[in-house]
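**Q** Below is a structure I'd like to ask you about.
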């Protein structure tokens, strides 16, 4: 069988294709949507803040600064887990993935502690517009964190179950599909962590 010129061009095109994977593109669309969502919330805060008759400024509890440091650590650890997987260091990869999962849980716990501090400051969930925005922002971001935790847990369980995979792990070969999924998971965590850093800085600047 003899290949035609068009067939050769088709093969060349496939080899030279460097576009974005469809799953990654879908993730980017989702992150763009989430960005617009949080942009809308922060824009609404600025509009309401302009009404000085109802807005009350206060200092954010320091616990939110601690949670910010923790969420940054989540990104660092997740990136390290991806690095270890790419270099077939599967044991370190699993431990780092587990550590990032625990740190994300700690972040949620600190956010709940922040809510408690707000209540102690006399800022309940309802009844104070400025305080209500803090609850809204942190709860909406927390919902995305919970989504990331669910996916991370599924990924972690799968990684533990396949630790003796004769095709990949016992031969120190990375699984391309798992690497793709891990890259998407790490990208999501980087995104949602950056979103929180932005939200925290935004609230600090607007609640002084």
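**Q** Among the residues in segment 161-168, are any touching a helix residue (DSSP H, G or I) at 6+ places or on another chain (Cβ under 9 Å) and surrounded by 18 or more Cβ atoms within 10 Å (Cβ to Cβ)?
**A** Within segment 161-168, none of the residues are touching a helix residue (DSSP H, G or I) at 6+ places or on another chain (Cβ under 9 Å) and surrounded by 18 or more Cβ atoms within 10 Å (Cβ to Cβ).
**Q** Checking residue 38 against (1) modelled with pLDDT of 90 or more; (2) under 25 Å from residue 179 (Cα atoms), only one condition comes out false. Which one?
**A** (2)
**Q** I would also like to ask the following. Quick one: which residue in 30, 19 is at pLDDT 80 or above, under 24 Å from residue 184 (Cβ atoms) and surrounded by fewer than 14 Cβ atoms within 10 Å (Cβ to Cβ)? Show your work before the answer.
**A** Working: 19 fails: at pLDDT 80 or above.
Result of the check over 30, 19: 30.
**Q** Quick check on my filter: what residues within segment 73-90 are touching a residue at least 40 places away in the same chain (Cβ under 8 Å) and over 17 Å from residue 149 (Cβ atoms)? First the steps, then the outcome.
**A** Let us first name the residues in segment 73-90 that are touching a residue at least 40 places away in the same chain (Cβ under 8 Å), namely 74-75, 78-79, 81-82, 85-86, 88, 90.
79, 82, 85, 86, 88, 90, listed by residue number.
**Q** Tell me, which residue of segment 91-103 that is free of Cβ contacts under 8 Å to residues at least 40 places away in the same chain and under 18 Å from residue 154 (Cβ atoms) is surrounded by the most Cβ atoms within 10 Å (Cβ to Cβ)?
**A** Out of the qualifying residues, it is 96.
**Q** Now, a different point. Out of segment 104-127, which residues are in a helix (DSSP H, G or I), crowded, with 17+ Cβ neighbours inside 10 Å and modelled with pLDDT under 95?
**A** 114, 115, 118
**Q** One residue is enough: does segment 181-197 have a residue meeting the conditions modelled with pLDDT of 90 or more, surrounded by fewer than 18 Cβ atoms within 10 Å (Cβ to Cβ) and over 26 Å from residue 21 (Cα atoms)?
**A** Within segment 181-197 (the criterion being modelled with pLDDT of 90 or more, surrounded by fewer than 18 Cβ atoms within 10 Å (Cβ to Cβ) and over 26 Å from residue 21 (Cα atoms)), the answer is yes, since at least one residue qualifies.
**Q** What number of residues in segment 42-89 are surrounded by fewer than 19 Cβ atoms within 10 Å (Cβ to Cβ), part of a helix (DSSP H, G or I) and over 22 Å from the mean Cα position of the chain (by Cα)?
**A** 5
The values are calculated or read from the model by the stated rules, or taken from the named source; none is laboratory data. Quick caveat, the model's predicted, so the values are computed rather than measured. Virtual Cβ from ideal backbone geometry, glycine too; neighbours counted across all protein chains shown.
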